[in-house]
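What follows is one structure encoded as structure tokens, with my remarks underneath.
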Amino acid sequence: MAIVRYNQYDLRKHNTFGMDVKAEQFITYDTVDELIAVLAEIRQNGKPILHIGGGSNLLFTKNFEGVVLHSNIKFIEYNIQDGEELKVRVGSGIVWDDFCAEMARKNYYGSENLSYIPGEVGASAVQNIGAYGVEVGSIIQEVETVEIATGCQRVFQAKDCAYGYRDSVFKNRLLGKYIVTAVVFRLSTVPKVHLDYGQLKELREQNIVPSAQMIRDAVITIRKSKLPEPEELGSAGSFFKNPVVPKVVYEDIAQAYSNVPHYIVDEENVKIPAAWLIEQCGWKGKTHGGAAVYEKQPLILVNKNQATPTDIIELADLVQQSVFEKFHIHIYPEVNYI
Ligand code: EPU
């Protein structure tokens, strides 16, 4: 158990974009009590705080003049089983996919569609990570936190987390106010599967009930075929959110492009994949300085050749402008600029 402090810390290993930036101070802690002690210390010197998980959803635009905090709270605790439902309490510093791997091994259903997403458990509950028809908010029961301003502990029930598409109360009204220390998930000991996503439909057609491990393996195969591995090519996964537009906007586009992919959100709104909009604008595989639009999935911007933060910001702006000029649709980053 220890608080570890570093000065002028190289953040390259803590942001999957691989930006070459430094933090004035970097502090890791192993327990909630240590976090509370660290926060009391920082409050005295008034430095800005940034809490990071795996750094897989952020873009450092410059050095961070303040304290970057990182959780090493690592445990997986199996709580009471209630019928077919099992509660699993997980420390914020556990690597997200280590948790998914463990659940799949035990054949507990719930997290398998979210396999292989980079990042850590604490950040998953802030970002409401989602993939292949599942969002993490739907399997969260509680989020345990510490308030930065007071050091007080507070438990949020899932209904108070305002989970939406890549959104939560921690990204909005309570942005920068709470640090997640643990998350309680609700998993199922019996199959509860989500196989609506294109390539996962194949599993449904096999006429067997797939194990959590089979779904996890299929998801990993899909992700490996489309998404760059952060160790090989820096990125923050999807750079933009998929835009939700009024039905009339979609219908206008569909007149010119009969094959426009889309998902019905509700009676008035339709979601259009940003990847398709970006591809139509001719950006797939294009570079700007050291940054590029990933050739296999244009929703992803990559650090192709020692990109600077400016290269990535400019490329993102250019892509946004093109999409707006061609389709009159604003696409917004899902990546947080720091
Ligand atoms: N598409 C193209 N060209 C391409 C690739 C895709 O036109 O080169 C179109 C296709 O019509 C395709 C559609 O875009 O059907 C959707 O593509 P995909 O299934 O790859 O998913 P996405 O909407 O681009 C979202 C998430 C991903 C998640 C996948 C699967 C967001 C911002 N991204 O991407 O999440 O893995 O769905 O559920 O919602 C992430 O957040 O970092 C992330 C990777």
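Using C-alpha pairs below 8 Å separated by at least 6 residues, the relative contact order for the chain is 16 percent. Here the chain is scanned for GluC sites (Glu not before Pro) in DSSP loops (not H, G, I, E, B) that have at most 13 other Cβ atoms within 10 Å, and the longest stretch holding none of them is 85-230. About its Cα centre, the dipole of region 76-225 is roughly 240 debye, where the only charges are +1 on Lys and Arg Cβ and -1 on Asp and Glu Cβ. The magnitude of the dipole of the chain, with charges of +1 and -1 set on the Cβ of Lys/Arg and Asp/Glu and taken from the Cα centre, is near 200 debye.
Full extension of the segment from residue 79 to residue 325, taken as 0.36 nm per residue of separation minus the current Cα-Cα distance, would add 83.3 nm. Just 130, 151, 282 to compare: in a GNM of the chain, with alpha carbon springs under 10 Å, which one fluctuates most? Evaluated over the chain, the most mobile residue of the options is 282. Taken as Cα centroids, region 133-187 and region 1-22 sit 24 Å apart, rounded to the nearest whole angstrom.
When the Cα positions of 338, 133, 145 are compared along the charge dipole of the chain, 338 comes out farthest toward the positive end, with charges on each C-beta of Lys, Arg, Asp and Glu.
At q = 0.10, 0.11 Å⁻¹, what is the base-10 log of I(q)/I(0) for the chain according to the Debye formula with one equal point scatterer per Cα and no solvent? Please give it to two decimals. Each listed q maps to, in turn, -0.64, -0.77.
Distance from the alpha carbon centroid of region 199-227 to that of region 235-261 works out to 26 angstrom. Here each label is just a point 7 Å from Cα along the line to Cβ, and for residue 257 and residue 154 those points are 4.2 nm apart. Applying 0.36 nm per residue to the separation of residue 45 and residue 190 and subtracting their alpha-carbon distance, the gain on full extension is 47.1 nm.
Post the alpha-carbon centroid distance, region 272-324 to region 58-115, in whole angstrom. Each part reduced to its Cα centre gives a spacing of 30 Å.
The length gained by stretching the chain between residue 229 and residue 211 to full extension, at 0.36 nm per residue less their Cα-Cα distance, is 3.9 nm. Here the dipole of region 1-153 is about 520 debye; that uses its Cα centre as origin and unit charges on the Cβ of Lys and Arg (positive) and Asp and Glu (negative).
Positive-end ranking of 320, 88, 180 along the dipole of the chain, with charges on Cβ about the Cα centre, is headed by 320.
Need one number: convex hull volume per residue for region 48-143, Cα atoms only, in Å³.
That works out to 104 Å³ per residue.
The simple Förster model, with R0 at 41 Å and r as the Cβ-Cβ distance, assigns residue 264 and residue 177 a FRET efficiency of 0.70.
None of the figures in this text is laboratory data; all of them are computed from the coordinates on show. These numbers come from a predicted model, not from an experiment. Every residue, glycine among them, receives a Cβ derived from its backbone with ideal geometry; neighbour counts consider all protein chains shown.
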